[in-house]
Amino acid sequence: MERLIAALKGAGELVFLVLAAPFLLPLVWLAFALHDLLENLQGKIDLPADELPSTGAASIVIPTWNGRHHLEANLPSVMAAVAGNPGHEVIVVDNGSGDGTVEFLEENFPTVRVVASATNLGFGGGSNAGFREARNDIVVLLNNDMRVEADFLEPLLTGFGDPRVFAVTAQIFFSDPEKRREETGLAHGLWLNGRLHLRHVIDEQVDRLFPTFYAGGGSTAYDRRKFLELGGFDPLLEPFYYEDTDVSYMAWKRGWVVLYEPRSVVYHEHRGTIGKTFSAGYIQAIVERNQLLFLWKNIHERGRLASNLFWLYLGFWIRLLTGPSPARPGVRSMLRALKPIGQLLRARRRAHNLSVIDDTEAIRRPLGGYFRDRFGVIDPERERLSVLFVSPYPIEPPLHGGAVFMNQTVRRLARLADVHLLCLLDEQADLASNRDLEAVCASTEFIVRWPPSTLGIGGLRPHAAEAFFNEEFRWKMHRTMLLREVDVVQLEYTQLATYWAEFARMATFLFEHDIYFQSVRRAMSGVENAKQWAEHVYEYLRALRFERRVVRRFDGVQVCTAENRRFLESYVWSGARILEGLRAGIDVERYQFVEDGRAPGSLLFVGNFRHPPNTQALDFFIEQVLPAVRRERPAAHLTVIGAHAPPGLESKLRRPGVTFLGPVEDIREHFSRHAVFVCPILSGSGVRVKLLEAFAAGVPVVSTRLGAEGLLEHGSEFLAVADTAEEFAAAVVDLLADPAKARVLAAMARSEVEQHWDMNLVTRRLEQHYRETLRRKQPGRIDTAAVLQRPDKPERAEAATGGSREIGSREGLAESGQ
């Protein structure tokens, strides 16, 4: 193998990539797959039943190699932390140092136990030696360049309140506050492009015990028994890096948990030893090799392993063309990882036989929502359910129909349940108005959305879904689920369906304000440009594929009307719970029914122009309908209200008989004084909230049949329906000319909305359905015992515009914990 590596250095990697790698990598996959198949026949390794460790005292283990200067600076803080409890012990494992470390300790710290090795055992070997020497059930492993706060120990020990806890890790700050904080102790793992991407997260809202993907080896308390049962840090990964990730991942797969305790604080001089002893190139080579060894040892799902090898080979070519990158191991790193193949297979065999859950589950469990679902207490009979309500748009003030539905649902649901609102804002200026919801919800968090992507050809998910997906936002959702003890996740609009999670006991719902693929298809009729038409066709196909799949996953997909439900069911066929009557409605009592005193000849159009069907409808009305109306009724005047007007709209509306007001603070005032409301919608899907508002306020309505979609289940006598320009103009003129008829129509419309669309009734049904769904799911629960106990005094969350940042990465050599 060494000769092959040397040959590559001389001849380059191109020949190997072309001739050898396409054959070698499938052989690697086959070898691992056959190896795992044989291991399945042997069964799993049985370990003693989990039990609570004694937390009365801890053994602090500090491995060191030529680190006397670090011990001089940091050991006094450790000794101060253990003072007062004679059961604590401090063990320094000296890895054959040549700087007088042993003599220094004997002279200056006589109470410290020194375990001296004649050779350098490395970080993992030295740590393992310390674990074997420790007298206590809890071993706190510290780097020699780690300074601790005086009270750091107690929070770590109290974290072992459940027999499934494997490790509790501290919050890490850097000794130099000017340095970029590349490690924090709170780690997030994401499987993407054939490998695990690991990052440390700064999140000030995480103020108590919280799951972490792995515990940093130099700042963590371990259950000694569990650590040794897993085999400790694996010699396969010597001399350093990934040992802590490896043992933490094995613990998760064993069914144990790894926690982060932010109240325990340590300060790290990052790479205080390794960075001064080894070259950057050597460290990088070890990281790339160990990245592969970690994956090949621990990933046992054949699909993930195949994905890893595929992306590894693709990365070879990218690396050859663009240069080295920490994110893409090179050919030499692969060959170095394959060199100890016998040792690797033995390690893989042990990891495989120790695991009790699969890789998918192990990757999910450290994420907050999954952790709560698997280990939290979820009670459908609790007095007030906890609901995470996620909106992709600002909802205060409600400038469009979807915002009205969301706004009024949040306000009504908050009377029945604890609503935790997570809302994306279009810009920072939206924050002020949306803060009004702080007084309504149990907690709120507002985040200014990342720049939207542009519509284009590429990828299998529809543009709407891609534009609204962000990994940091997903982190915030899951963090909120755990900290706020969420029972129900309510996602708004199809574009948020990408945040679905496979919960066993929590409930997840999606409200399809409109059926996205249906809206895209209807909008195609108004597209004339060939390129745009092709993009819309492809978006329609992507949306159809995506929507048909995702609606099967949710515990319920809420739609506006029976018509929407039947349409969606005709495409999904089976396996989906599509629900009507749980979301669409308005708070009728907020709208005063005004029968008289309306301005003669006044027409009203309302619509948010970010929604293309509104722009199309307005064009149709002012170009084809309004001229015909004004020929019969010259005094007729149209008022247009709506936010996010596209460029050129305002100038287009500068014509006789038209006034454009833009967005208004309270639409109810205008509903109360106009004579006729017009809804000339030609595309789109779902219930038009503006029609429900018009019905409640007593303004008679003329609408296209498509505009009134979903509202005609109980007849059409409460509004005028017209589809052609001539019919529409005639219906408007008729109502302007006959106020008595208009009043009768308006009264019937008010009755319709009171009986079938009142948000009070709708929201009570929604809350009851949440409970029914939770009751149905509880028999399938995994565990009812909570790993994390409910805080005695949970604090009310403050609204925030940020809250967390993902920084640092394994690729940047930041997360060794050593």
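Taken together, ARG522, ARG545 contain a single residue that is open to solvent by 40 Å² or more (accessible area, probe 1.4 Å) and under 20 Å from LEU460 (Cβ atoms), which is ARG545.
One line per residue, one yes/no per condition, for (1) buried (at least 24 other Cβ atoms within 10 Å of the Cβ); (2) farther than 22 Å from ARG598 by Cβ:
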residue: ARG655; (1), (2): no, yes
residue: ARG668; (1), (2): no, no
residue: SER672; (1), (2): no, no
residue: ALA694; (1), (2): yes, no
residue: GLY707; (1), (2): yes, no
residue: ALA730; (1), (2): no, no
residue: LEU736; (1), (2): no, no
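Candidates are the residues of region 65-80 that are surrounded by 22 or more Cβ atoms within 10 Å (Cβ to Cβ) and at pLDDT 95 or above; the one that is nearest to GLY161 (Cα to Cα) is VAL78. Just for region 422-479: of the residues that are of a type in the set (A, V, I, L, M) and in contact with an Asp or Glu (Cβ under 7 Å, 6 or more places away or on another chain), which one is modelled with the lowest pLDDT? Looking at residues that are of a type in the set (A, V, I, L, M) and in contact with an Asp or Glu (Cβ under 7 Å, 6 or more places away or on another chain), I get LEU455.
Mind checking whether some residue in region 32-54 is assigned to a helix (DSSP H, G or I) and surrounded by 19 or more Cβ atoms within 10 Å (Cβ to Cβ)? Yes, that holds for at least one residue.
Of everything listed in (1) under 24 Å from VAL588 (Cα atoms); (2) in contact with a Ser or Thr (Cβ under 8 Å, 6 or more places away or on another chain), the single unmet condition for PHE405 is (2). Filter region 595-608 down to residues that are part of a loop (DSSP other than H, G, I, E, B) and modelled with pLDDT of 90 or more and give me whichever is surrounded by the most Cβ atoms within 10 Å (Cβ to Cβ). Applying the filter and picking the extreme gives GLY607. Only one of ALA749, ALA740 is at pLDDT 90 or above, open to solvent by 40 Å² or more (accessible area, probe 1.4 Å) and assigned to a helix (DSSP H, G or I); which? Testing whether each residue is at pLDDT 90 or above, open to solvent by 40 Å² or more (accessible area, probe 1.4 Å) and assigned to a helix (DSSP H, G or I) leaves just ALA740. In summary, helices (runs of 4 or more DSSP H) completely within region 254-352 and bearing 1 or more residues that are of a type in the set (Asp, Glu), over 30 Å from ALA80 (Cα atoms) and in contact (Cβ under 8 Å) with a residue 24 or more places away in the chain occur at 280-298. Counting only strands (runs of 3 or more DSSP E) wholly contained in region 81-172, the ones carrying 1 or more residues that are open to solvent by less than 10 Å² (accessible area, probe 1.4 Å) occupy 89-95, 138-142, 146-148. Among the numbered conditions (1) over 24 Å from TYR241 (Cβ atoms); (2) in contact with a strand residue (DSSP E or B) (Cβ under 6 Å, 6 or more places away or on another chain), the only one that GLN205 does not meet is (2). For region 516-534, residues that are in contact with a Gly (Cβ under 7 Å, 6 or more places away or on another chain) and either not polar (S, T, N, Q) or not in a helix (DSSP H, G or I) (or both) total 1.
In region 386-398, is there at least one residue being open to solvent by less than 10 Å² (accessible area, probe 1.4 Å), within 30 Å of CYS679 (Cα to Cα), touching a residue at least 40 places away in the same chain (Cβ under 8 Å) and in a loop (DSSP other than H, G, I, E, B)? Yes: one or more hits. Listed by first and then second residue, the pairs with beta-carbon distance under 8 Å, at least 6 apart or on different chains, first residue in region 501-518 and touching a residue at least 40 places away in the same chain (Cβ under 8 Å) and open to solvent by 10 Å² or more (accessible area, probe 1.4 Å), second aliphatic (A, V, I, L, M) and part of a strand (DSSP E or B), are PHE503/VAL489. Quick one: is GLU726 in a helix (DSSP H, G or I), open to solvent by less than 50 Å² (accessible area, probe 1.4 Å) and among the acidic types (Asp, Glu)? Considered against the rule, which asks whether it is in a helix (DSSP H, G or I), open to solvent by less than 50 Å² (accessible area, probe 1.4 Å) and among the acidic types (Asp, Glu), GLU726 comes out as no.
State the number of residues belonging to region 358-377 that are modelled with pLDDT of 95 or more and assigned to a loop (DSSP other than H, G, I, E, B). Within region 358-377, residues that are modelled with pLDDT of 95 or more and assigned to a loop (DSSP other than H, G, I, E, B) number 4.
The values are calculated or read from the model by the stated rules, or taken from the named source; none is laboratory data. On a predicted model such as this, the values are computed, not experimentally measured, just so you know. Reconstructed Cβ throughout: ideal geometry from the backbone, glycine too, with neighbour counts over all protein chains shown. Quick note on the areas: whole protein, heavy atoms, side chains included, nothing else; ligands and nucleic acids left out. Shrake-Rupley method; radii C 1.70, N 1.55, O 1.52, S 1.80 Å.
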